[in-house]
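Step one of this worksheet: look at the structure below.
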Amino acid sequence: MFPTDPKTDKASDVQSLREALVEALERPGHHISPIWFYDQRGSELFEEITKLPSYYLARTEIKILDDNLEEISKVIGADRLVIELGSGSSRKTLRLLEALEQPAGYVPVDISADYLLQAAASLSKKLPSLPVMALVADFTTMFSLPLSLPPHRSRLGFFPGSTVGNLEVAEVLSLLTHCHKVFGDEAAFLIGVDLDKSPEVLISAYDDPEGVTAEFNRNLLKRINRELGLEIDPRAFAHQARYFTDPARIEMHLVAIIDQKFEISGRTYTLAAGESFHTETSHKYTIESFSQLAEKADWEVTQYWCDTKKRFAVLLLEAAACR
């Protein structure tokens, strides 16, 4: 494994979080990146969300993979280095790695260092002969792979969980372009994409009756308090999930119930009652719209697999030079 220095990471993360919060307070819409959800507790809460009855995304994607892994494995072929973006618990990855023919190695990439290293160690125990190199990085930036990699024929990107929907369209294009460069001209890319559907189904998935997603959303405020030394009351914010069209998306917000005042680095910021932190966007695609986007980054959707209700799709992209 090749994690970066956790002490350096934590100091850098605190400064980056402070800058992200100030930027959110200073610009219209008060948007803050969802990458800040994923401290240790946030990662644990997200795993709970994936098991909720209303959150169809995780179990639907798992069923698609389970039903089609034999075919997916044949198409992907042997001796691939698997690089997973936003790996989390690597639960779905274990299924994929067990199905692939002689995978050359596994590089999980995640911003949550502690959670990443725990998951990588757990997977190593289950697949002891597979080289595992955990990479602590923000995959939405221009990340680089570890310098020392096991020999491999080609690379397979793996981006499950519809996390690609959390990125704006321009960010997806940038990510796909960068991944083409990092993975190489003989690469493939397996991506989970949530498909557009009724607002009722979508809102229920992001505002569950059990309240886990609300806790996940408010955990961002707890992290801000802990790492930046603030005293924001998470109970003074309501969790909301909102559906929009053109482009189709769900937005998550933390809405101030009462007027709020924050002092950060000697400056005072306010948030009026009814204003919100926009904490996450989850874009919803059609097969056609995502294919068109991928083509702009020189990827082609060569195959895809859906559930029977057409709620979710797993897309296989191939780099342009493969064709």
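Report yes if residue 34 is surrounded by 15 or more Cβ atoms within 10 Å (Cβ to Cβ), in contact with a helix residue (DSSP H, G or I) (Cβ under 6 Å, 6 or more places away or on another chain) and at pLDDT below 95, otherwise no.
Working: surrounded by 15 or more Cβ atoms within 10 Å (Cβ to Cβ): yes; in contact with a helix residue (DSSP H, G or I) (Cβ under 6 Å, 6 or more places away or on another chain): yes; at pLDDT below 95: yes.
Here the answer is yes, as residue 34 does meet what is asked.
Looking only at the stretch 257-273, decide whether some residue is touching a residue at least 60 places away in the same chain (Cβ under 8 Å) and crowded, with 20+ Cβ neighbours inside 10 Å.
yes
In the stretch 232-254, which residue that is free of Cβ contacts under 8 Å to residues at least 40 places away in the same chain and hydrophobic (A, V, I, L, M, F, W, C) is surrounded by the fewest Cβ atoms within 10 Å (Cβ to Cβ)? Talk me through it step by step, then tell me what you get.
Filtering the stretch 232-254 down to residues free of Cβ contacts under 8 Å to residues at least 40 places away in the same chain leaves 232-236, 238-242, 244-246, 251, 253-254.
Retained after the next criterion (residues that are hydrophobic (A, V, I, L, M, F, W, C)): 232, 236, 238, 241, 244, 254.
Values: 232: 20, 236: 17, 238: 15, 241: 21, 244: 13, 254: 25.
My answer is 244.
Which residues, counting only those in the stretch 189-231, are surrounded by 15 or more Cβ atoms within 10 Å (Cβ to Cβ), touching an Asp or Glu at 6+ places or on another chain (Cβ under 7 Å) and not hydrophobic (A, V, I, L, M, F, W, C)?
Step one: of the stretch 189-231, the residues surrounded by 15 or more Cβ atoms within 10 Å (Cβ to Cβ) are 189-197, 199, 202-208, 212-224, 227-228.
Subset that is touching an Asp or Glu at 6+ places or on another chain (Cβ under 7 Å): 192, 212-213, 223.
Listed by number, the residues that qualify are 192, 213, 223.
Within the bounds of the stretch 6-23, is there any residue that is in contact with a His (Cβ under 8 Å, 6 or more places away or on another chain), part of a helix (DSSP H, G or I) and modelled with pLDDT of 90 or more?
Going through the stretch 6-23, the residues in contact with a His (Cβ under 8 Å, 6 or more places away or on another chain) turn out to be none.
The answer is no, given that none of the residues of the stretch 6-23 is in contact with a His (Cβ under 8 Å, 6 or more places away or on another chain), part of a helix (DSSP H, G or I) and modelled with pLDDT of 90 or more.
Taking the conditions exactly as written (touching a Ser or Thr at 6+ places or on another chain (Cβ under 7 Å) and under 29 Å from residue 305 (Cα atoms)), does residue 132 satisfy them or not? Break it down into steps so the answer makes sense when it comes.
Numbers: touching a Ser or Thr at 6+ places or on another chain (Cβ under 7 Å): yes; under 29 Å from residue 305 (Cα atoms): yes.
It is true that residue 132 is touching a Ser or Thr at 6+ places or on another chain (Cβ under 7 Å) and under 29 Å from residue 305 (Cα atoms).
Listed here are the residues, each with its yes/no results for (1) part of a loop (DSSP other than H, G, I, E, B); (2) under 13 Å from residue 32 (Cβ atoms); (3) out of contact with any strand residue (DSSP E or B) (no Cβ under 9 Å at 6 or more places or on another chain).
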{"residue": "225", "(1), (2), (3)": "no, no, yes"}
{"residue": "242", "(1), (2), (3)": "no, no, no"}
{"residue": "246", "(1), (2), (3)": "yes, no, yes"}
{"residue": "254", "(1), (2), (3)": "no, yes, no"}
{"residue": "258", "(1), (2), (3)": "yes, no, yes"}
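Could you list, in sequence order, all residues of the stretch 25-56 that are among the charged types (D, E, K, R), in a loop (DSSP other than H, G, I, E, B) and closer than 22 Å to residue 141 by Cβ? Give the steps one after another, and end with the answer.
Our first condition is that a residue be among the charged types (D, E, K, R); within the stretch 25-56, this holds for 26-27, 39, 41, 44, 47-48, 51.
Narrowing further to those that are in a loop (DSSP other than H, G, I, E, B): 27, 39, 51.
Scanning the stretch 25-56 gives 27, 39.
Looking at 84, 171 in this structure, which one is surrounded by fewer than 20 Cβ atoms within 10 Å (Cβ to Cβ) and modelled with pLDDT of 90 or more? If you could, list the steps in order and put the result at the bottom.
On the way: 84 fails: surrounded by fewer than 20 Cβ atoms within 10 Å (Cβ to Cβ).
Checking each option against the conditions leaves just 171.
The values are calculated or read from the model by the stated rules, or taken from the named source; none is laboratory data. What you see is a predicted model; the values in this text were computed from it and never measured. Neighbour counts run over all protein chains shown; Cβ positions are idealised from the backbone, glycine included.
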